Amino acid sequence: FSTSYEVEGRAAITIEDVSIRRASSQGGEVVRVTGRGFAQGAQCAFGERTVKARVVNDKELTCIVPSSSFDGALRTAPLTVIRGDVSSDPVAFYYYAAIKRQGRLPIDAFSMEEPADVRIELDPPLGALCSGSY
């Protein structure tokens, strides 16, 4: 993914693999990043949003994806690892619009003595995922 380089004698930061490449706009997912040159004080940048990294060792770190607001269904947010003024080359990362819940199914409206016929439809911003009777 990345090209190694040195800045004023400092070790380069490279990203070799990322556990997930997309996340909900609500954020909160944990991303595991493997590569080289990670050290305490590292941060993950998802586009322009930056969060502190938990450095496991010089080849692995984790970050929690921050939330993001945007119009539309999908937004690119290149992921980079930063430490001071040194950063990795970006790798592809995407946010998708979170599905908004619009109320709860009134469970107490169904008799528990007989099977219930319930229709559930999911209609996220990217189009219907599935529907059917369950």
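For V18, the stated conditions do not hold, so it cannot be described as under 23 Å from A98 (Cβ atoms), open to solvent by 70 Å² or more (accessible area, probe 1.4 Å) and under 12 Å from the mean Cα position of the chain (by Cα).
How many residues are at pLDDT 90 or above and either surrounded by fewer than 13 Cβ atoms within 10 Å (Cβ to Cβ) or among the polar types (S, T, N, Q) (or both) when one looks only at segment 85-114? Spell out the reasoning first.
Quick first cut of segment 85-114, residues at pLDDT 90 or above only: 85-97.
Add one more test, that the residue is either surrounded by fewer than 13 Cβ atoms within 10 Å (Cβ to Cβ) or among the polar types (S, T, N, Q) (or both), and what stays is 85, 87-88, 92.
So the answer is 4.
In a residue-by-residue description of segment 66-84, the property of being open to solvent by less than 20 Å² (accessible area, probe 1.4 Å) and touching a Leu at 6+ places or on another chain (Cβ under 8 Å) applies to at least one position. Among residues of segment 24-54 being more than 14 Å from V91 (Cα to Cα) and either aliphatic (A, V, I, L, M) or out of contact with any strand residue (DSSP E or B) (no Cβ under 8 Å at 6 or more places or on another chain) (or both), the one that is least open to solvent (accessible area, probe 1.4 Å) is A42.
The values are calculated or read from the model by the stated rules, or taken from the named source; none is laboratory data. The model shown is predicted, which means the values in this text are computed figures rather than measured ones. Counting neighbours? That spans all protein chains shown, and the Cβs are built from the backbone with ideal geometry, glycine included. We work out accessible area using only protein heavy atoms, side chains counted, and drop any ligands, DNA or RNA first. Shrake-Rupley method; radii C 1.70, N 1.55, O 1.52, S 1.80 Å.
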